[in-house]
Amino acid sequence: VWYGLLFAARLTAPISRLSVAAERVRAGDYGSRVETGGGDDEISTLSRTFNRMTEQLDAQRSDLIEANRQLDDRRRFSEAVLG
C-alpha cells in the first residue's frame, strides 16, 4: 500500500505543478516556469514544452508592447508635425 501511495504521489506532484503554473499563465504571469526534472519521460517532456511555450508567449507579449509603443510615438510625431 505504501509503495502505491508513494508512486501516486510521485506521479501527481509534477502534474499538480503544471496545473498551478498553467493557472498562473492564465492569470497573466507569462514568466511562470515549472521544474523539468531532467528525465526523459512524458511529464518531463511536457514540462519542457510548457516552459518553451511560456517563453515564447512572454517574448511575443514584449514584442507587441514595444510595437504599440513605437506606433504611439509615430502617431504623436505625426500629430505634432500636422499641428
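The values are calculated or read from the model by the stated rules, or taken from the named source; none is laboratory data. Remember, predicted model here, so these are calculated numbers, not experimental data. Glycine gets a Cβ as well: all are built from the backbone with ideal geometry, and neighbour counts include every protein chain shown. Heavy atoms of the whole protein, side chains included, go into the accessibility calculation; ligands, DNA and RNA do not. Shrake-Rupley method; radii C 1.70, N 1.55, O 1.52, S 1.80 Å.
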Please report the net charge: other residues with Cβ closer than 13 Å to the Cβ of Gly31, K and R +1, D and E -1. 0
Please work out how much length the chain gains when fully extended from Thr36 to Phe77, using 0.36 nm per residue of separation minus the C-alpha to C-alpha distance, in nm with one decimal. 10.0 nm
Rounded to whole angstrom, the alpha-carbon centroid of segment 30-83 lies from that of segment 2-16 at a distance of 33
Taking a probe of 1.4 Å, how large is the accessible area per residue of segment 1-43, in Å²? 80
Would you mind checking the tilt of helix 2-26 against the longest principal axis of the Cα atoms of the chain, expressed as 0 to 90 degrees and rounded to 10? 10
How large, in percent, is the carbon and sulfur part of the accessible surface of segment 1-45 at a probe radius of 1.4 Å? 61
To the nearest 10 degrees, the tilt of helix 42-82 (Cα long axis) against the first principal axis of the alpha carbons of the chain is 10
Solution diffusion estimate, µm²/s, Stokes-Einstein, the chain, Kirkwood Rh from C-alpha pairs, 37 °C, viscosity 0.692 mPa s: 209
